[in-house]
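Data block below; observations after.
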Amino acid sequence: MDTALALWFLAAALVVTGLIGLVLPAIPGAPLIFFGLLLAAWTEDFVYVGLWTIVVLAVLALLTYGIDLWATMFGAKKFGASKYAVIGAVLGSIVGIFLGFPGVIFGPFIGAVVGELSAQKNLRQATRAGIGATIGLVLGAALKLAMAFAMIGFFLAVRFF
């Protein structure tokens, strides 16, 4: 098999794995997409895709992490959560990453509930804050996928047009 063709397959596999990683925990989605696109550009000696495109792709990949945290905080705040619930949701998101798929889903909810309960003893408001954090998590996943497709689309536009 031709080396360039093998590198293109590897680049495509990295991008696909990265897309899966945006939804599943423990797989660094955005970095894999970035490195897949970087490998594709390198395979062609950066003839079509140059330094500025790579810089833009790197910035977009980094933004996915900020989007994830922001969306969780936004969801919790929109449902009237206190700053303790927002901090709890962010900490729950971070801890949840290490606990697999259930941790990613329930981490922000549990973190927001615990944070809100530490600020006030109202279970109804704490549950509401947890629901907001979970909605924020779903919003974050959608935004991360949009960012990933923007990265891929930008790469393809630069490469082929």
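The values are calculated or read from the model by the stated rules, or taken from the named source; none is laboratory data. A quick note: this is a predicted structure, and the numbers were derived from the prediction, not measured. Positions of Cβ are backbone-derived with ideal geometry, glycine not excepted, and every protein chain shown enters the neighbour counts. Protein only, heavy atoms only, side chains kept; ligands, DNA and RNA dropped before computing areas. Shrake-Rupley method; radii C 1.70, N 1.55, O 1.52, S 1.80 Å.
Springs join every pair of Cα atoms under 10 Å in this Gaussian network model of the chain, and among 47, 15, 113 the largest mean-square fluctuation is at 47.
Short-range pairs are left out: with C-alpha atoms under 8 Å and at least six residues apart, the relative contact order of region 12-148 is 26 percent.
Of the complete DSSP H runs in the chain, those spanning 24 angstrom or more by Cα along the long axis with a mean Kyte-Doolittle score not below 1.0 are 3-21, 51-78, 100-119, 123-160.
Solvent-accessible area per residue in the chain equals 55 Å², computed with a 1.4 angstrom probe and all protein chains kept. Every Cα-Cα pair in region 18-75 was counted, and those over 19 Å apart are 36% of them.
Comparing mean-square fluctuations of 77, 144, 121 from a GNM of the chain with C-alpha springs under 10 Å, the top value falls on 121.
Computed extension length for residue 45-residue 7: 12.5 nm, one decimal, from 0.36 nm per residue of separation with the Cα-Cα distance subtracted. Between residue 98 and residue 150, the simple label model (points 7 Å from Cα in the Cβ direction) yields a spacing of 3.1 nm. Comparing 40, 13, 126 in a Gaussian network model of the chain where C-alpha atoms under 10 Å apart are linked, the largest mean-square fluctuation is found at 13.
Protein heavy-atom surface of the chain, 1.4 angstrom probe: 79% of the accessible area is carbon and sulfur, with nucleic acids and ligands not counted. Note that region 97-147 carries a Kirkwood radius of 11.4 Å, evaluated over its alpha carbons pair by pair. Based on DSSP H segments of at least four residues, each scored -39500 (n - 2.57), the chain has a per-residue ellipticity at 222 nm of -29500 deg cm²/dmol.
Multiplying each eigenvalue of the alpha-carbon gyration tensor of region 64-161 by 5 and taking the square root yields semi-axes of 31, 12, 9 Å, largest first, rounded to whole angstroms. As a size descriptor, the averaged projected area of the C-alpha convex hull of region 1-151 was calculated at 9.2 nm².
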